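First comes the structure, then the notes that go with it.
Read-outs throughout are calculated quantities, based only on the coordinates presented, and are distinct from any laboratory measurement. It should be emphasised that the depicted structure is a prediction, and the values quoted were computed from it without experimental measurement. A quick note on method: Cβ atoms are made from the backbone with ideal geometry, for glycine too, and the neighbour counts reach across all protein chains shown.
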């Protein structure tokens with residue numbers, strides 16, 4: 001009997017140990033609009049099971065815009081933001097340490113679109129005194145609007161900024177004429193264009209050519225970022241998230257738009273699969289293949305914000321503290337993913 005008890009205790013310890021080894025760490029990721037194709041790698045990684053492969057139990061929490069996702073992380077209700085890198089630069093000017101650790105968008109994918117109800121708006125200068133939609137005030141779409149207005153000699157304060165989201169709500173606001181124009185992203189751009197063949201697009205950053213025209217170089221968009229102290233305390237989780245996104249980017253680069261769409265949740269694809277597919281094809285050049293931050297791209301973000309946000313122009317920002325390629329380089333060395 002004594003021998004049996006010892007065996008039972010040993011067996012119980014073995015079961016507990018194996019259970020602990022198989023346990024997955026929970027991480028909450030706040031997404032600034034899951035239906036936006038700019039954030040597709042974050043959602044696709046879950047669909048492909050990459051987070052679980054990395055030992056993580058990831059909860060994706062959807063928000064209306066990047067500023068709300070950021071607020072969730074700063075407030076402690078989420079761990080990591082899936083949003084635009086420019087928030088890291090913006091917060092650095094306020095002495096808050098936010099660090100991007102994997103970049104999945106080489107270009108921002110923004111387009112400044114005129115409402116189909118507006119026939120008199122033909123240029124950016126025509127937006128003075130008008131109502132322009134953004135995903136949410138304080139989000140990257142709002143920053144881009146201010147930049148593009150200033151670049152074209154328009155006082156950003158002369159435009160009424162209205163939050164309309166990024167998905168169906170944005171399309172509805174444009175179709176109903178609630179706003180005169182809006183900063184939009186795909187699939188909303190292509191969906192609206194599918195219904196309005198003569199849709200006017202005043203500025204477009206979905207391709208390298210357009211991005212170069214607007215910013216003068218590559219401009220990193222979507223990334224996973226969080227507080228610097230969280231990364232310091234959660235190296236394993238940060239590496240796991242990075243490895244999952246890098247593996248997803250590798251999968252993206254080797255599959256067709258049709259195959260990618262087939263993996264996405266039905267509620268994000270929507271009823272019109274043909275238009276979603278067209279939007280996805282428009283967006284695919286935007287995705288990175290390695291997840292690395294290009295230092296020149298980070299510098300471009302700082303330059304853009306310095307032009308439109310006086311506080312950033314005055315701040316002595318150390319860009320090297322707003323991102324790290326440490327985890328991406330480790331993930332790429334593990335997968336053999338070397339091209340950009």
### Query
Among 25, 283, which comes first, second and so on when ranked by fewest other beta-carbon atoms within 10 Å?
25, 283
### Spin-label model distance (nm) - residue 207 vs residue 233, 7 Å beyond Cα toward Cβ
4.7 nm
### Task
Calculate how steeply helix 326-335 sits against the longest principal axis of the alpha-carbon atoms of the chain, using the helix alpha-carbon long axis, and give the answer as 0 to 90 degrees to the nearest 10.
70 degrees
#### Entry: Kirkwood Rh, Cα atoms: Rg over Rh of the range 32-82
0.98
### Message
I'd like the FRET efficiency for residue 169 and residue 333, computed as 1/(1 + (r/R0)^6) with the beta carbon distance as r and R0 of 41 Å, rounded to 0.05.
### Response
0.45
### Summary
Helix 66-75 sits off the longest principal axis of the Cα atoms of the chain, rounded to the nearest 10 on a 0 to 90 degree scale, by 40 degrees
#### Entry: Choice from 203, 119, 140 showing the highest fluctuation, given a GNM over the chain with Cα pairs closer than 10 Å
119
### Task
Quickly work out the residue 162-to-residue 311 label distance, labels modelled 7 Å from Cα along the C-beta direction, and quote it in nm with one decimal.
2.7 nm
### Query
Can you give the convex hull volume per residue for the Cα atoms of the range 224-340, as a whole number of Å³?
152 Å³
### Query
Counting other C-beta atoms within 10 Å, which of 84, 219 has the fewest, and how do the rest follow?
219, 84
### Task
Have a look at 58, 31, 328 and tell me which one the Gaussian network model of the chain (Cα, springs below 10 Å) gives the largest fluctuation.
58
### Cα-based helix-to-principal-axis angle, 273-283 vs the chain, degrees rounded to 10
90 degrees
### Message
Quick check on the exposure proxy: order 124, 245, 61 from fewest to most C-beta atoms within 10 angstrom.
### Response
61, 124, 245
### Query
What is the ratio of the Cα radius of gyration of the chain to 2.2 N^0.38 Å, where N is its residue count, to two decimals?
1.07
### Message
Taking a virtual spin label 7 Å from the Cα of residue 47 along the C-beta vector, which residues in the range 210-236 bring their backbone nitrogen under 20 Å of it?
### Response
222-224
### Query
When the chain is fully extended, how far beyond the present Cα-Cα distance does residue 152 get from residue 195, taking 0.36 nm per residue of separation?
12.6 nm
### Query
Between the range 183-218 and the range 278-340, what is the C-alpha centre distance in whole Å?
20 Å
### Message
Pick from 112, 70, 91 the residue whose mean-square fluctuation is largest in a GNM of the chain, springs joining Cα atoms under 10 Å.
### Response
91
### Message
Run the simple label-point estimate for residue 258 and residue 122 please: 7 Å along Cα→C-beta, distance reported in nm.
### Response
4.2 nm
### Message
Below 8 Å, C-alpha to C-alpha, sequence gap of six or more: please give me the relative contact order for the range 111-204 in percent.
### Response
47 percent
### Summary
At q = 0.15, 0.20, 0.22 Å⁻¹, the log10 of I(q)/I(0) for the range 111-204 from a Debye sum over equal Cα scatterers comes to -0.46, -0.86, -1.06
### Message
Suppose only helical runs count, i.e. DSSP H with n ≥ 4. What mean residue ellipticity at 222 nm does that imply for the chain under -39500 (n - 2.57) per run, divided by all residues and rounded to the nearest 500 deg cm²/dmol?
### Response
-14000 deg cm²/dmol
### Summary
Per 10 angstrom bin, beginning at 0 and ending with the bin that holds the maximum distance, the Cα pairs of the range 187-262 fall in percents of 14, 26, 36, 20, 5, 0
